[in-house]
Amino acid sequence: MLGRPELAALGAPFAALVALGLSLAREPDVDVDVDLDRVRALEGDEVELTVTLRGEGLVELALALPREIEPIDGMSAFAFRLGRPETLRVRARCARWGVYALDEATVRAHDRFGLCTWEGRRAGQLRLKVFPRPELLRDPLAPLETQATGGNHVARAAGDGIEFADLRAYAPGDRVRAINWRATARRGELWVNQMHPERNADVVLFLDTFTEAARYGAGGTLDYGVRAAAALAAQYLEHRDRVGLVSFGGILNWLVPASGIVQRYRIVDALLDTEIVLNYAWKDVEIIPRGTLPPKALVLALTPLLDERAVATLLDLRARGFDLTVIEISPVPYVTAAPGRAEAVAYRLWLMRREVLRSRFRRVGVPIVEWREGTPAAAVVEEVRAWRRVHRFARG
């Protein structure tokens, strides 16, 4: 182009090298295998990924780890010059509950001359289930009504059991071992002990998933609700109760009450799939299947009280006679008033409106307690017990 043949003679070797490299370039055969040391973990646990690469040439590997799975050393991209199989071990910490694909990766391979690059993406098929770390809760809330089968809750009615209920006069057919000899000697006639039987209960965990309050990059009200639901389910199932789940929000999910270790895994798996799905359609208690809410069931509602549909549904359940307890997962710590007089007034009005919501539940005899970040679950349950004792005494 410039009429200078010496320049063409100078560039000819380099052009020949490029042409030779392109003609000899072949797409490399790179194989990537990813394995996990376990497929189930708790929040805060560490897991180890073993990555094995096979092939030839220069290979770059970038692991597409979810944000909630944090590499211990902060590295997720690596480069190797392969000639034999290479094994890479990556340790990561599980920061949040959920189901994650950990074997998604981007692989970039180069030819021997570095002239061509091939890039591919490995689809994720290996799943890690991270269970919520349960809150410490030794003694769950006792229901007001029990069922007919045996369990660990003391029933109100008298029957065969070990908890003393009352004394009554002897009647034909009473067992001899039920006679209270001290009361008989004092009164001069036969008296027998009445006992409270131990029965199980039906418990339904009502998780409000319409909306949540959260901080970017941190947990929110939904995280605390899921952890509380997992802890309550574990404790009630250990007491031989039947436990069900209703995830009430943009998408309705439910589990019919049942007992046993299998039900515990079902509930935890259902909680792992819990997410906020925006939906503006009006929903009420009528869309919940009948068998999900058995008679005399204790309904434990975990809600931030941010959606009127959840509030109306809970009040409807109380009107239908269910033993309802509301645990408010407080959104207040996640809300900060903006600077300015008008913003401060709006914030105070919002707090007053929330107090009005709580008074609506208290007026119909529903215990409602506020659970904030850092408060132990046992303290929340004890507050409900105290409310029940005071309310029962006031009615008496």
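Here are some notes:
- Hull-based mean projected area of region 201-395, where the convex hull spans the alpha carbons, in square nanometres: 11.9 nm²
- Neighbour cut-off at most 16 other Cβ (10 Å), DSSP loop, chymotrypsin sites (Phe, Trp or Tyr not before Pro), region 198-237: Tyr216
- Extension gain for Arg177 to Ile251 (0.36 nm times residue separation, less C-alpha to C-alpha distance): 21.1 nm.
- Which of Gly83, Leu128, Pro71, positive extreme of dipole for region 29-131 (C-beta unit charges): Leu128
- Full-stretch length increase - Val99, Glu70 - with 0.36 nm per residue and alpha-carbon distance subtracted: 9.0 nm
- Top positive-direction residue, dipole computed over region 29-131 with Cβ charges, set Gly98, Val30, Leu53: Gly98
- These residues, Asp269, Asp103, go from largest to smallest accessible area, 1.4 Å probe, as Asp269, Asp103.
- Size of electric dipole in region 201-395: Cβ of Lys, Arg +1 and of Asp, Glu -1, about Cα centre, debye, nearest 20: 800 debye
- Taking chymotrypsin sites (Phe, Trp or Tyr not before Pro) across region 34-132, the ones in a DSSP loop with at most 16 further Cβ atoms lying within 10 angstrom of their Cβ are Phe113.
- When the Cα atoms of region 29-131 are aligned to their principal axes, the ranges along those axes come out at 47, 22, 20 Å in descending order.
- Estimated D of region 229-302 in µm² per second, where Rh is the Kirkwood radius over Cα pairs and Stokes-Einstein applies at 25 °C, 0.890 mPa s: 187 µm²/s
- Dipole size of region 29-131 about its Cα centre, with +1 on Lys/Arg Cβ and -1 on Asp/Glu Cβ: approximately 120 debye, rounded to the nearest 20.
- Annotation for region 35-115: trypsin sites (Lys or Arg not before Pro) lying in DSSP loop with at most 10 further Cβ atoms inside 10 Å of their Cβ are Arg38, Arg67.
- Dipole magnitude of region 158-273, debye to nearest 20 (Cβ charges: Lys/Arg +1, Asp/Glu -1, about Cα centre): 540 debye
- Take region 201-395 with all the other protein chains still there, run a 1.4 Å probe, and you get 48 Å² of accessible area per residue.
The values are calculated or read from the model by the stated rules, or taken from the named source; none is laboratory data. As the structure is a prediction and not an experimental result, all values here were calculated from the model. Heads up, the Cβs are rebuilt from the backbone with ideal geometry, glycines too, and the neighbour counts pull from every protein chain shown. For accessibility, only protein heavy atoms count, side chains too; no ligands or nucleic acids. Shrake-Rupley method; radii C 1.70, N 1.55, O 1.52, S 1.80 Å.
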